[in-house]
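The values are calculated or read from the model by the stated rules, or taken from the named source; none is laboratory data. Bear in mind that the values here come from a model prediction, so they are computed numbers and not experimental data. Note that we place each Cβ from the backbone using ideal geometry, even for glycine, and neighbour counts take in every protein chain shown.
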Amino acid sequence: MTSNTGCSMRRLAALAIAAISLIGCATGGSEPRMATVCPPVVEYDRKFQARAADELDLLPEGTAIAQMLADYSVLRDQARACSQYSEKYSYLDVDPAKPLAPPI
């Protein structure tokens with residue numbers, strides 16, 4: 001009987017790398033006069049989260065993928081905080097055609 005462990009580990013690693021790479025994508029510019037644009041946070045249902053936790057438990061202690069997933073968790077928290085901040089201050093609509101302050 002052959003083992004699929006190596007194949008599923010590679011798929012999980014590729015998924016984590018893709019997710020981490022995409023988390024920083026935004027649809028807006030970086031001009032200081034522009035509104036804040038936060039990356040979206042994909043919501044996973046409890047069943048999917050439980051499956052991911054079970055798969056993570058199967059990994060050997062100290063694997064790189066486990067560290068990458070921990071980092072991804074931090075990025076998700078930061079994206080949520082960004083969204084909450086953006087919603088809180090959305091009333092500060094800034095016209096990009098107008099300067100924020102007069103030139104010095």
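Worth a mention:
- In the stretch 54-69, the residues that are surrounded by 10 or more Cβ atoms within 10 Å (Cβ to Cβ), in a helix (DSSP H, G or I) and more than 11 Å from the chain's Cα centre (by Cα): Glu55, Leu56, Ala64, Ile65, Ala66, Gln67, Met68
- Considering the conditions (1) modelled with pLDDT under 65; (2) surrounded by 10 or more Cβ atoms within 10 Å (Cβ to Cβ); (3) part of a helix (DSSP H, G or I), Ala26 is excluded by exactly one of them, (3).
- Scanning the stretch 48-57 turns up at least one residue that is in contact with a Phe, Trp or Tyr (Cβ under 8 Å, 6 or more places away or on another chain) and modelled with pLDDT of 90 or more.
- Cross-chain or 6+ apart pairs with Cβ under 8 Å, the stretch 53-77 first and free of Cβ contacts under 8 Å to residues at least 60 places away in the same chain, then outside any helix (DSSP H, G or I) and of a type outside the set (A, V, I, L, M): Leu75/Gly24
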